[in-house]
Amino acid sequence: MKFQRERLKSYLSIADKHLLRLKSSLKALQATIPIDTEKYRALSEQEISFIDQMSYRFGKLQDVTGSLLRVMLIILGEDIENAPFIDVLNRTEKLGIIDDAQEWIMLRELRNILTHEYSDNDDEIAKGINKLFEISKRLCEIYEKIKEYARKRDLL
């Protein structure tokens with residue numbers, strides 16, 4: 001169990017770094033987003049850099065948080081070590097660690113669409129950036145709730 005608690009602490013430390021940088025990019029983009037096609041075409045290199053950071057950190061935070069959920073369940077004594085991730089999500093929802101397993105899946109699907117889309121359509125790219133901005137804020141909230149649950153349940 002000590003090993004799992006150390007893993008949890010490590011994942012939290014990594015996630016906190018991604019959260020910090022994701023929030024930093026969101027703050028930097030607050031005055032820029034929402035954007036339309038015209039605004040997208042006029043983005044500065046610095047703004048593009050913040051959008052890239054937002055996209056990258058969103059993906060990293062979601063990945064490490066998924067690992068975090070699995071370790072939390074193991075510490076709680078749940079038999080999920082080899083379970084599919086959907087089972088992990090459903091169990092964490094039942095325990096109140098996350099609010100909605102389907103929301104997590106939707107965030108994952110949107111992330112995959114937004115980060116792998118190489119559209120030539122500037123309007124679609126602008127809409128994708130706006131959507132990523134919104135779901136990034138939601139992921140921050142979800143992670144902070146998970147972290148609070150770990151603290152309250154003394155999992156650390």
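The values are calculated or read from the model by the stated rules, or taken from the named source; none is laboratory data. Predicted model only: the values in this text are computed from it and were never measured. Glycine gets a Cβ as well: all are built from the backbone with ideal geometry, and neighbour counts include every protein chain shown. Heads up: the accessible areas ignore ligands, DNA and RNA and are worked out on the full protein's heavy atoms, side chains in. Shrake-Rupley method; radii C 1.70, N 1.55, O 1.52, S 1.80 Å.
How large a share of the accessible area of the chain, in percent, is made up of carbon and sulfur atoms when the probe is 1.4 Å and the other protein chains stay in place? Kindly include the intermediate steps, with their values, before the conclusion.
On the way: 4230 of 8780 Å².
Answer for the chain is 48 percent, counting heavy atoms of protein chains only.
If you take the beta carbon distance between ASP100 and LEU155 as r and set R0 to 25 Å, what does 1/(1 + (r/R0)^6) give as a FRET efficiency, to the nearest 0.05?
Values: r = 21 Å, r/R0 = 0.84.
Approximately 0.75, to the nearest 0.05.
Among the listed pairs LYS23/LYS94; LYS2/LYS23; LYS2/LYS147; LYS39/LYS127; LYS2/LYS152; LYS9/LYS131, which are separated by more than 23 Å between their Cα atoms?
On the way: LYS23/LYS94 28 Å; LYS2/LYS23 31 Å; LYS2/LYS147 18 Å; LYS39/LYS127 11 Å; LYS2/LYS152 18 Å; LYS9/LYS131 31 Å.
Correct reply: LYS23/LYS94; LYS2/LYS23; LYS9/LYS131.
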Nearest 10 degrees, 0 to 90: helix 2-29 Cα axis against the chain principal axis:
20 degrees
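What does the extension gain come out to for ARG138 and ALA83, with contour length at 0.36 nm per residue minus their alpha carbon separation? Don't jump to the answer; show the numbers that get you there.
Details: separation 55, 0.36 × 55 = 19.80 nm, distance 2.58 nm.
Full extension of this stretch gives 17.2 nm more.
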Beta carbons within 10 angstrom, averaged per residue: use that to sort the peptides 105-111, 80-86, highest first.
105-111, 80-86
Bin width 10 Å, origin at 0, all Cα-Cα pairs of the chain: what percent of pairs per bin?
11, 38, 29, 16, 6, 0
Accessible area per residue, Å², the stretch 77-156 with all protein chains present, probe 1.4 Å
58 Å²
